[in-house]
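Below: one structure, written as structure tokens.
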Amino acid sequence: MRILNDLRKIFVQYLNENLFTQSPKELYEPNNYFLNIGGKRMRPVLVLLGSHLYNKRYEDVLPAAMAIEYFHNFSLIHDDIMDAAPLRRGQATIHEKYNSNTAILSGDALLVYAYKFLSLIPQENLKTILEIFSDTAIEVCEGQQLDMNFETQASVTEDEYIWMIRQKTSVVLAAAIKIGSLIGGASNEDAESLFQYALNLGIAFQIQDDILDCYGNIELVGKQPGGDIIQNKKTLLLIRALNHCQDAGDKTLIDIMNKKYSNSSEKIKDVLNIYEKYQIKNSVEQSKQSYIDKAIAHLDAILLEKEKKDILFQLTEYLVKRDY
Ligand code: IPE
Ligand code: IPE
Ligand code: MG
Ligand code: MG
Ligand code: MG
């Protein structure tokens, strides 16, 4: 764990040295606010780690790490508008604290600054990495659109859900480690195995995010509890519960989803009762584990010394057992 904490510290120092000082402050201050209220910094840590496995010249990868963290925060700022989320990292979201126009524009600026940082990476990597980054960003938009389509789509299969979370979440983690490793000098084969490792890890990560949305401790998670339930998000928990209900000829869950509740905590309680009845949490945890196993299997193909592979095992453990 020490190396992961060290990488996080190196990144956070770089982030703090590069906070926005430009004007107008109404555009930049919300971004400083959002970047400063915390976050696990997983994606930049993955960029730095990708490089660390091959070459420890962090100065070559820090701009790419920054680009990925900026992109991630841009996507969260807009996601919070789309999900009507009031809280993030234990603080008010930008559209709540300021307003939606500010959240749209400050988020846009953050996306453009991500590209400005990306342009600072070593020339020999630039073309390849720009392409990976842009392809990833487009996939996130596609995933986010599917996520919204599914809110009102009556039936969503588990395969459709996995594809949606691959696009909205996993590809960013996968691109982060791939980009870091390529700048660090990894072979294309190793970079691809690391990509596949993080892609599966990312699916487990989003399943854990869905679990925490229902069962997490608000003090740790820092998001509105049950936000996904309130929005009828087609999480793996909801899809699986809907399937159980359909098999049992039980219409209660559909009725709950269609009902207008004046008190959202009532809706959350009603849905959680159904999850309890069909032991959904446990079954979803098992699916999460199957993606962790798939992730780890991809590490076999990478030629790295044991000490370095151990870092990847530690990371796997931390990411999916997290309680925030
Ligand atoms: C939240 O990501 C959005 C998802 C893709 C699940 P994180 O849980 O990494 O958010 P922060 O950056 O640590 O707040
Ligand atoms: C967000 O997924 C994924 C992106 C921001 C691209 P969620 O909507 O589940 O993330 P949280 O729960 O708000 O962090
Ligand atoms: Mg969302
Ligand atoms: Mg959200
Ligand atoms: Mg979520």
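The values are calculated or read from the model by the stated rules, or taken from the named source; none is laboratory data. Everything numeric here is computed off the predicted structure, so don't read it as measured data. When we count neighbours, we look across all protein chains shown, and the Cβ atoms used for this are built from the backbone with ideal geometry, even at glycine. We work out accessible area using only protein heavy atoms, side chains counted, and drop any ligands, DNA or RNA first. Shrake-Rupley method; radii C 1.70, N 1.55, O 1.52, S 1.80 Å.
Here is a yes/no grid of residues against (1) out of contact with any helix residue (DSSP H, G or I) (no Cβ under 7 Å at 6 or more places or on another chain); (2) hydroxyl-bearing (Ser, Thr, Tyr); (3) part of a helix (DSSP H, G or I); (4) within 16 Å of ARG240 (Cα to Cα):
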residue: ASP159; (1), (2), (3), (4): yes, no, yes, yes
residue: SER170; (1), (2), (3), (4): no, yes, yes, no
residue: ALA174; (1), (2), (3), (4): no, no, yes, no
residue: SER193; (1), (2), (3), (4): no, yes, yes, no
residue: LEU199; (1), (2), (3), (4): no, no, yes, no
residue: GLY202; (1), (2), (3), (4): no, no, yes, no
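The requirement of being outside any helix (DSSP H, G or I), more than 16 Å from ligand 3 (Cβ to nearest atom) and in contact (Cβ under 8 Å) with a residue 40 or more places away in the chain is fulfilled nowhere in segment 80-88; no residue meets it.
Just wondering, is there one or more residues in segment 241-261 that are in contact with a His (Cβ under 9 Å, 6 or more places away or on another chain) and crowded, with 17+ Cβ neighbours inside 10 Å?
First, pick out the residues of segment 241-261 that are in contact with a His (Cβ under 9 Å, 6 or more places away or on another chain): 250, 253.
Filter once more, so that each one left must be crowded, with 17+ Cβ neighbours inside 10 Å: 253.
Yes - at least one qualifying residue is present in segment 241-261.
Residue by residue through segment 192-238, note down the ones that are of a type in the set (Ser, Thr, Tyr) and more than 11 Å from ligand 2 (Cβ to nearest atom). If the condition is that a residue be of a type in the set (Ser, Thr, Tyr) and more than 11 Å from ligand 2 (Cβ to nearest atom), then SER193, TYR197, TYR215 are the ones that fit.
Can you pull out the residues in segment 206-217 that are within 15 Å of ligand 4 (Cβ to nearest atom) and open to solvent by 10 Å² or more (accessible area, probe 1.4 Å)? Lay out the reasoning, then the answer.
Step one: list which residues in segment 206-217 are within 15 Å of ligand 4 (Cβ to nearest atom), which gives 206-214, 216.
Those that are within 15 Å of ligand 4 (Cβ to nearest atom) and open to solvent by 10 Å² or more (accessible area, probe 1.4 Å): GLN206, GLN208, ASP209, LEU212, ASP213, CYS214, GLY216.
Listed conditions (1) more than 16 Å from ligand 5 (Cβ to nearest atom); (2) out of contact with any Lys or Arg (no Cβ under 8 Å at 6 or more places or on another chain) are all met by ILE37, apart from (2). Residues in segment 90-144 that are in a loop (DSSP other than H, G, I, E, B) and either β-branched (Val, Ile, Thr) or open to solvent by 50 Å² or more (accessible area, probe 1.4 Å) (or both): THR93, TYR98, ASN99, SER119, LEU120, ILE121.
State yes or no: is GLU59 within 16 Å of ligand 3 (Cβ to nearest atom) and without any contact (Cβ under 8 Å) to a residue 60 or more places away in the chain? Reasoning before the result, please.
Details: within 16 Å of ligand 3 (Cβ to nearest atom): no; without any contact (Cβ under 8 Å) to a residue 60 or more places away in the chain: yes.
Answer is no for this residue.
Looking at ASN73, is it within 16 Å of ligand 4 (Cβ to nearest atom) and in a helix (DSSP H, G or I)? Criteria met by ASN73.
Restricting attention to segment 32-54, which residues are open to solvent by 10 Å² or more (accessible area, probe 1.4 Å), under 18 Å from the mean Cα position of the chain (by Cα) and on the phi < 0 side of the Ramachandran plot? Residues satisfying the conditions are ASN36, ILE37, LYS40, ARG43. Considering only residues that are within 16 Å of ligand 5 (Cβ to nearest atom) and open to solvent by less than 20 Å² (accessible area, probe 1.4 Å), look in segment 55-84 and name the one that is nearest to ILE311 (Cα to Cα). It comes out as ASN73. Answer yes or no as to whether ASP270 is in a helix (DSSP H, G or I), more than 24 Å from GLN144 (Cβ to Cβ) and free of Cβ contacts under 8 Å to residues at least 12 places away in the same chain. Judged against the criteria, ASP270 is not a match. Scanning segment 220-237 turns up at least one residue that is out of contact with any Asp or Glu (no Cβ under 7 Å at 6 or more places or on another chain), part of a helix (DSSP H, G or I), more than 30 Å from LEU46 (Cα to Cα) and open to solvent by 30 Å² or more (accessible area, probe 1.4 Å).
Candidates ALA176, ALA137, ALA114: the one that is among the small types (Gly, Ala, Ser), touching a residue at least 60 places away in the same chain (Cβ under 8 Å), out of contact with any Leu (no Cβ under 6 Å at 6 or more places or on another chain) and closer than 21 Å to LEU76 by Cα is ALA137.
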